[in-house]
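The values are calculated or read from the model by the stated rules, or taken from the named source; none is laboratory data. Worth saying up front: this structure is predicted, and the values here are computed from it rather than measured. Because the Cβ atoms are built from the backbone with ideal geometry, glycine has one as well, and the counts that use them run over all protein chains shown. When the accessible area is computed, the model is the full protein with side chains, heavy atoms only, and any ligands, DNA or RNA have been set aside. Shrake-Rupley method; radii C 1.70, N 1.55, O 1.52, S 1.80 Å.
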Amino acid sequence: MPTQSIPYIYTRLSTAFGPQHWWPADSPFEVVLGAVLTQNTRWENVRMALDNLRGAGVLVPGAMASLEEAELQALIRPAGFFRQKSATLRRVLDVLVGEYGGSLEMFLAGETPTVRARLLNIKGVGPETADSILLYAGTHPIFVIDAYTRRICSRIGVCAPKAPYAELQHMFMHALPEDVQLYNEYHALLVELAKCCCTKNKPQCNACPLEDMCRQLHIPPFA
Ligand code: SF4
């Protein structure tokens, strides 16, 4: 399936699911935290960790940076991999608070490639995490590729199952106008499709709005 299908897929999903107005957290700082905490876990678990941090009154950079390591780990424990994630959060806070005075606005200010490089320079922050922060906390025009996007695109035939992150991102950004809202909405629609129909195991193809254009249906057995 050609990459020119990417705008068409958006239209089909938008027609099927309607506007998502999706925002994965309540504030830009929560987006940053959520982007790290959601690595290898479900958003429901991230939500519990964020609720813990909110309850402890540390959902601001300075307050969180002053937490003892054990305290931070205990608060984010519901998100899993809590030692690894607390170390990553600590490194993010070191830059955010140490170099930008806790100002997320300043931390995320600048040309998109520059800010992206700043984020990727932090150990534990990979492309998906960096791009989620850029798009959702910094309103930078960059398309986020996650496991849902890769699964749907490979099943439909837009990309190979193991297509590199950068390749898939380039395909989307090349096929779509540069538009933060559009990138946000498209990602939300893909998440919706992945949850309702294109699940990892036993996808509900009969209920899928893309059923008629999905290559996977013609390549059994299901992968
Ligand atoms: S038809 Fe099935 S495999 Fe294809 S995108 Fe829809 S749910 Fe996924």
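Have a look at 76, 142, 122 and tell me which one the Gaussian network model of the chain (Cα, springs below 10 Å) gives the largest fluctuation.
Checking each option, the largest mean-square fluctuation is seen for 122.
Of the heavy-atom accessible surface of the chain (probe 1.4 angstrom), what whole percent is carbon and sulfur?
55
Please report, in debye to the nearest 20, how large the charge dipole of the chain is about its Cα centre when each Lys and Arg carries +1 at its beta carbon and each Asp and Glu carries -1 there. Could the numbers behind the result be given before it?
Details: 20 positive and 21 negative charges, 175 e Å.
In total the dipole reaches around 840 debye.
Name the lysines eligible as straight-distance cross-link partners of residue 123: C-alpha to C-alpha under 16 Å, and not fewer than 8 places from it in the same chain.
Within the straight-line limit of under 16 Å, residue 123 reaches these lysines: 85.
How large is the charge dipole for the stretch 53-121, taken about the Cα centre, if only the Cβ atoms of Lys, Arg (+1) and Asp, Glu (-1) carry charge, to the nearest 20 debye?
Taking the Cα centre of the stretch 53-121 as origin, the dipole is about 280 debye.
Please sort by residue number the GluC sites (Glu not before Pro) in the stretch 13-118 whose DSSP state is loop and whose Cβ has at most 11 other Cβ atoms within 10 Å.
In loop regions of the stretch 13-118 (DSSP not H, G, I, E or B), the sparsely surrounded GluC sites (Glu not before Pro) are 68, 111.
For the chain, with a Gaussian network of springs between Cα atoms less than 10 Å apart, report the residue from 175, 70, 188 with the top mean-square fluctuation.
The residue with the greatest mean-square fluctuation here is 70.
Once phi is turned into ³J(HN,Hα) by the Karplus curve 6.51 cos²θ - 1.76 cosθ + 1.60 with θ = phi - 60°, what whole-Hz value does each residue of the stretch 137-148 show in order, with x for glycine and proline?
Per residue, the Karplus-derived 3J(HN,Hα) values read 9, x, 6, 8, x, 9, 8, 8, 9, 10, 4, 4 Hz.
Of all trypsin sites (Lys or Arg not before Pro) in the stretch 82-141, which ones are in loop regions per DSSP and have a Cβ with at most 10 other Cβ atoms within 10 Å? The partial results should precede the final answer.
Details: sites: 83, 85, 90, 91, 116, 118, 123; in loops: 123.
Counting only loop positions with at most 10 other Cβ atoms within 10 Å, the trypsin sites (Lys or Arg not before Pro) in the stretch 82-141 are 123.
In straight Cα distance, which aspartates and glutamates are under 18 Å from residue 162, not counting same-chain residues fewer than 8 positions off?
Straight-line reach from residue 162, under 18 Å: 128, 146.
If you average the sequence gap of Cα pairs under 8 Å that are 6 or more apart and divide by the length of the stretch 28-137, what percent do you get for the contact order?
33
Among 43, 101, 65, whose Cα sits farthest toward the positive end of the charge dipole of the stretch 28-137 (+1 at Cβ of Lys/Arg, -1 at Cβ of Asp/Glu, about the Cα centre)?
Value: 43.
List the aspartates and glutamates whose alpha-carbon lies under 17 Å from that of residue 202, not counting same-chain residues fewer than 8 positions away?
192, 211
If you take every residue apart from residue 124 with its C-beta less than 11 Å away from the C-beta of residue 124, what net charge results, scoring Lys and Arg +1 and Asp and Glu -1? Please report the intermediate quantities before stating the final value.
Values: positive: 85, 90, 91, 123; negative: none.
The answer is +4.
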